[in-house]
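Presented below is the structure to which this report refers.
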Amino acid sequence: MGGTGLAALDRFDRLSLLDGATPIQRLERLERALGPAAEGVRLFVKRDDLMGIGGGGNKLRKLEFLMGAALAQQADTFITTGGIQSNHGRLSAAVSARLGLACELVLTRVVPRDDTEYRRNGNILLDGLFGATIHELPGSADALAVAEARAAELRRQGRRPYVVGSGGSSPVGCLGYAACAREIAAQQAAVAPGGFARIIVPNGSAGTHAGLAAGFAALGLDPALVHSFTVLAPEAAARSRTLDLARATLALLSDTASLEPDAIRVAGDQLGDGYGLPTDAMFEAVRLIARTEGLLLDPVYSGKAFAGLLAAVRAGAFRPGDAVLFVMTGGTPGLFAYRCAFDPDA
Ligand SMILES: *Cc1c(COP(=O)(O)O)cnc(C)c1O
């Protein structure tokens with residue numbers, strides 16, 4: 001594997017958007033609620049939903065490096081893409097507001113929902129509060145091409161736009177999760193002295209998984225500890241995108257470390273009918289952790305991935321003594337865009 005450490009990480013421009021390491025907490029009430037299947041299995045969450053800007057969530061880690069790069073290039077406008085309920089859009093808007101950058105979001109109607117809650121509540125409501133300009137397009141539109149065209153137009157006016165695609169999952173953005181791998185490695189001894197048997201994350205634009213895998217590989221730790229559940233691309237496509245992105249991220253960090261294809265573990269069994277479409281297992285997962293731990297998952301990403309974790313525990317995938325870490329990636333505002341799905345009779 002040829003781990004070379006993560007000293008290279010500190011050579012990148014980076015903005016501090018987190019207040020130190022996010023906590024790792026044990027889910028003892030949930031363990032008890034799972035009964036005999038979870039006997040002796042310790043479940044932990046890394047609280048990446050607990051961050052101080054714009055409602056928090058995993059995109060802030062990527063934005064530390066993306067905004068660092070944008071400011072180094074003297075950008076005055078941050079442009080990015082996503083779905084109508086993009087958490088990345090919301091957090092890009094929040095951080096831009098804080099930095100005094102203009103923010104333009106190119107959002108596509110990729111989820112077949114036309115109700116007012118989906119179109120106006122949740123993340124998109126907050127985008128407006130943070131002062132972002134929204135360009136709304138049909139689901140079939142090439143959002144990145146539109147974003148690039150808008151950037152070209154702004155450049156002609158003498159402005160300095162910085163463009164990144166959906167989820168902020170460029171190799172530079174993924175460095176945020178390589179930094180998170182280092183953070184987890186440093187926290188592990190205190191919470192799970194034997195180490196984590198598995199680290200579970202949702203997989204949308206693949207940057208969270210890719211960054212963690214690259215970070216662990218650079219540290220000489222096992223990237224195959226990270227398992228993701230795709231909520232967007234079909235399994236094979238998600239796996240190859242994650243591998244490509246992890247390799248591109250690792251190349252920024254090390255000349256010698258490498259990643260083998262079988263180190264990238266992506267499961268497709270929680271995707272259901274597709275991106276942004278609820279599954280029964282998602283509803284059950286969101287309700288179970290809410291009622292046992294008072295914690296909030298989101299309906300699009302972490303709810304589906306946590307359903308995958310619950311299914312694995314119930315299927316006996318872990319042994320007594322195993323410590324399993326789930327990365328809570330945020331996305332709470334998305335719940336408000338899914339009110340009619342959670343509460344269909346109201
Ligand atoms: C974007 C997002 C994810 C997925 O992260 P990727 O890096 O895009 O794979 C997971 N959870 C939430 C809440 C998100 O907003």
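Pairs, please: C-beta under 7 Å, at least 6 apart or cross-chain, first residue more than 12 Å from the ligand (Cβ to nearest atom) and in the range 210-230, second among the hydroxyl-bearing types (Ser, Thr, Tyr)?
214/249; 215/177; 218/4; 218/254
Taking the stated definitions as given, is residue 169 among the hydroxyl-bearing types (Ser, Thr, Tyr), at pLDDT 95 or above and either away from the ligand (no atom under 16 Å from the Cβ) or over 20 Å from residue 61 (Cβ atoms) (or both)?
For residue 169, the condition - among the hydroxyl-bearing types (Ser, Thr, Tyr), at pLDDT 95 or above and either away from the ligand (no atom under 16 Å from the Cβ) or over 20 Å from residue 61 (Cβ atoms) (or both) - is not met.
Return the residues of the range 184-209 that are within 16 Å of the ligand (Cβ to nearest atom) and more than 30 Å from residue 110 (Cβ to Cβ); say none if nothing qualifies. Outline the logic, then answer.
Of the range 184-209, the ones within 16 Å of the ligand (Cβ to nearest atom) are 184, 199-209.
Selection gives 184 alone.
Looking at (1) touching a strand residue (DSSP E or B) at 6+ places or on another chain (Cβ under 8 Å); (2) assigned to a helix (DSSP H, G or I); (3) of a type outside the set (A, V, I, L, M); (4) away from the ligand (no atom under 16 Å from the Cβ), which is the only condition residue 98 fails?
Of (1) touching a strand residue (DSSP E or B) at 6+ places or on another chain (Cβ under 8 Å); (2) assigned to a helix (DSSP H, G or I); (3) of a type outside the set (A, V, I, L, M); (4) away from the ligand (no atom under 16 Å from the Cβ), only one is false for residue 98: (1).
How many residues are in a helix (DSSP H, G or I) and either within 13 Å of the ligand (Cβ to nearest atom) or without any contact (Cβ under 8 Å) to a residue 60 or more places away in the chain (or both) when one looks only at the range 33-64?
7
Looking at 68, 83, 122, which one is on the phi > 0 side of the Ramachandran plot and within 20 Å of the chain's Cα centre (by Cα)?
Working: 68 fails: on the phi > 0 side of the Ramachandran plot; 83 fails: on the phi > 0 side of the Ramachandran plot.
Result of the check over 68, 83, 122: 122.
Determine which member of the set 64, 31, 104 is in contact with a Ser or Thr (Cβ under 6 Å, 6 or more places away or on another chain) and at pLDDT 95 or above.
Only one candidate passes the filter, namely 104.
Identify, please: which residue in the range 270-286 is among the aliphatic types (A, V, I, L, M) and within 19 Å of the chain's Cα centre (by Cα) and is, among those, surrounded by the most Cβ atoms within 10 Å (Cβ to Cβ)?
Per the stated criteria, the residue is 282.
Taking only the range 231-248 into account, find how many residues are away from the ligand (no atom under 13 Å from the Cβ) and of a type in the set (S, T, N, Q).
Qualifying residue count, the range 231-248: 1.
If residue 114 passes every condition in (1) outside any loop (DSSP other than H, G, I, E, B); (2) without any contact (Cβ under 8 Å) to a residue 40 or more places away in the chain but one, which one does it miss?
Evaluating residue 114 over (1) outside any loop (DSSP other than H, G, I, E, B); (2) without any contact (Cβ under 8 Å) to a residue 40 or more places away in the chain leaves (1) as the failure.
What is the one condition in (1) buried (at least 20 other Cβ atoms within 10 Å of the Cβ); (2) of a type in the set (A, V, I, L, M); (3) without any contact (Cβ under 8 Å) to a residue 24 or more places away in the chain that residue 7 does not satisfy?
Checking residue 7 against (1) buried (at least 20 other Cβ atoms within 10 Å of the Cβ); (2) of a type in the set (A, V, I, L, M); (3) without any contact (Cβ under 8 Å) to a residue 24 or more places away in the chain, the one that fails is (1).
The values are calculated or read from the model by the stated rules, or taken from the named source; none is laboratory data. What you see is a predicted model, and the numbers here were worked out from it, not measured in a lab. As a convention, Cβ positions derive from the backbone with ideal geometry for all residues, glycine included, and neighbour counts pool all protein chains shown.
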